1. Taking only segment 175-194 into account, find how many residues are among the aliphatic types (A, V, I, L, M), under 14 Å from the mean Cα position of the chain (by Cα) and either at pLDDT below 95 or surrounded by fewer than 18 Cβ atoms within 10 Å (Cβ to Cβ) (or both).
2. Among the residues of segment 20-58, count how many are in a helix (DSSP H, G or I) and among the small types (Gly, Ala, Ser).
3. Can you run down the residue pairs with Cβ atoms below 9 Å, 6 or more apart or on separate chains, where the first is in segment 120-146 and within 18 Å of residue 87 (Cα to Cα) and not assigned by TED's automatic domain parsing to the domain that holds residue 166 and the partner is of a type in the set (A, V, I, L, M, F, W, C) and outside any strand (DSSP E or B)?
4. Inspect segment 99-115 for any residue being among the β-branched types (Val, Ile, Thr), farther than 13 Å from residue 74 by Cβ and in contact (Cβ under 8 Å) with a residue 12 or more places away in the chain and give the result as yes or no.
5. Being more than 14 Å from the chain's Cα centre (by Cα), surrounded by fewer than 16 Cβ atoms within 10 Å (Cβ to Cβ), at pLDDT below 95 and within 26 Å of residue 55 (Cα to Cα): is that true of residue 153 here?
6. Could you tell me how many of the residues in segment 121-176 are β-branched (Val, Ile, Thr) and assigned to a loop (DSSP other than H, G, I, E, B)?
7. Suppose we filter 91, 110, 103 for residues that are within 26 Å of residue 13 (Cα to Cα), assigned to a strand (DSSP E or B), modelled with pLDDT of 95 or more and not charged (D, E, K, R); which single one remains?
Amino acid sequence: MDSLRAELAALAARLIVEDGLDYGSAKRKAARRLLGERVAHDLLPSNDEIEQQVREELALFHADTQPAQLQQLRLAALALMEEFAAFEPHLAGAVWNGTATALSDLHVLLFADDAKEVEIHCIDRGWDYQAGETGHYAGRGRVQCLTLQWPLGIGQTVRAHLSLYASKDLRGALLPDPQGRTPRGTLAALRRLMQQSTGGEHSDHPGQRAARQNAPR
């Protein structure tokens, strides 16, 4: 990574950790702050470069607080996924990859023959939610997304985004990314991850850990 990309990645990472920005917004804000003008897309750091900087930022400046925050968010995600277990929930985002902080949201993918089934489930529980759209995980257009406030602790909630997919989309949900990492995990995978974390393993990307465990010896 050249010096400009490295500087942009470091600033974007700081904005993600300290301000809770998403990667796209952090990347654009970092570019405006450093350069004050529009920048060619190929000069901007990739999300992978920024994620590496986020991990370094967390290790250097938030090592005393971030692991507990991550564990609390994963407990909330576990309860959320158990509630929606009938819809094949898959956890994604920072809570899955281990870079979440107190400012992070929950991102869960749900799969159903009819997206209305998820809405009916929320209505039956008496939960308020906002309906919107988000990008398809494979870049194939947009899908419906429900956003609600989910219990995090006593008197606390966290924003949870439920992306609604057709059942046929389940097949590609666990395909590895270009780095060979699993970008999201099932309910069973989250349970295993949390057991490993409480056992004292380093909280790197769970897809990297799986690759190590499956590597030939």
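The values are calculated or read from the model by the stated rules, or taken from the named source; none is laboratory data. Since the model is a prediction, treat every value here as computed from it, not as a measurement. Cβ sites come from the backbone with ideal geometry, for glycine too, and all protein chains shown count toward neighbours.
1. The initial filter retains those residues of segment 175-194 that are among the aliphatic types (A, V, I, L, M), namely 175, 187-190, 193-194.
Keeping just the survivors that are under 14 Å from the mean Cα position of the chain (by Cα) gives 190.
Cutting the leftovers down to either at pLDDT below 95 or surrounded by fewer than 18 Cβ atoms within 10 Å (Cβ to Cβ) (or both) gives us none.
Count: 0.
2. Total meeting the criteria: 5.
3. No pair meets every condition.
4. Here is the first cut: in segment 99-115, the residues among the β-branched types (Val, Ile, Thr) are 99, 101, 108.
Those left that are additionally farther than 13 Å from residue 74 by Cβ: none.
No.
5. Values: more than 14 Å from the chain's Cα centre (by Cα): yes; surrounded by fewer than 16 Cβ atoms within 10 Å (Cβ to Cβ): yes; at pLDDT below 95: yes; within 26 Å of residue 55 (Cα to Cα): yes.
In short, yes.
6. The number of residues fulfilling the criteria is 1.
7. 91
Conditions tested, residue by residue: (1) buried (at least 17 other Cβ atoms within 10 Å of the Cβ); (2) not hydrophobic (A, V, I, L, M, F, W, C).
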residue: 94; (1), (2): yes, no
residue: 110; (1), (2): yes, no
residue: 117; (1), (2): no, yes
residue: 138; (1), (2): no, no
residue: 141; (1), (2): no, yes
residue: 167; (1), (2): no, yes
